[in-house]
Amino acid sequence: MPVRSIVKIDEELCTGCGLCVTPCAEGAIEIVDGKARVMKEELCDGAGFCLAVCPEGALTVEKREAPAFDEDAAAEKIAEKLAAHVTITQTCMNCGRSEDDAVLFPARHRGDSVWVCVKCLPQLIHG
């Protein structure tokens with residue numbers, strides 16, 4: 001098995017809120033028995049978009065042996081989500097621009113997981 005980046009979920013910290021499920025476009029994360037779990041490691045691309053939205057800090061990315069990323073299976077999951085309209089449009093915490101209008105980045109601000117657009121990011125960083 002190759003060594004690669006993959007999301008790790010601390011079950012002790014996870015409250016099962018489900019906020020990490022939506023940013024995982026590939027569908028690797030699901031809520032099972034009230035906790036987030038990486039269900040199929042081959043669907044986790046290790047990008048970590050799920051990390052910033054976790055209000056408990058339960059998610060990290062680690063390098064370890066894991067099945068190779070399956071691009072075809074991930075593309076299939078993404079297509080299923082799009083067909084089912086499971087996506088939730090995110091908005092900038094400062095100006096309210098949606099991801100349809102601007103590039104958004106996940107961030108932590110005053111203990112909260114938020115999304116911020118490119119225009120507002122400097123203000124968030126520098127105050």
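The values are calculated or read from the model by the stated rules, or taken from the named source; none is laboratory data. Predicted, not measured: the structure shown is a model, and the values here were computed from it. FYI the Cβ positions are ideal-geometry reconstructions off the backbone, even for glycines, and counts take in every protein chain you see.
Out of V38, V53, V21, V32, which single residue is exposed (fewer than 15 other Cβ atoms within 10 Å of the Cβ) and not assigned by TED's automatic domain parsing to the domain that holds G111? Going through V38, V53, V21, V32 in turn, just one is exposed (fewer than 15 other Cβ atoms within 10 Å of the Cβ) and not assigned by TED's automatic domain parsing to the domain that holds G111: V32. Selection of region 58-82 for residues being among the aliphatic types (A, V, I, L, M), more than 30 Å from G127 (Cβ to Cβ) and either buried (at least 17 other Cβ atoms within 10 Å of the Cβ) or not assigned by TED's automatic domain parsing to the domain that holds E11 (or both) yields A66, A74. Among residues belonging to region 83-127 that are of a type in the set (V, I, T) and surrounded by 16 or more Cβ atoms within 10 Å (Cβ to Cβ), point out the one that is nearest to the chain's Cα centre (by Cα). Of everything passing the filter in region 83-127, V114 is nearest to the chain's Cα centre (by Cα). Among the conditions (1) in contact with a strand residue (DSSP E or B) (Cβ under 6 Å, 6 or more places away or on another chain); (2) small (G, A, S); (3) surrounded by fewer than 16 Cβ atoms within 10 Å (Cβ to Cβ), G48 misses just one, which is (3).
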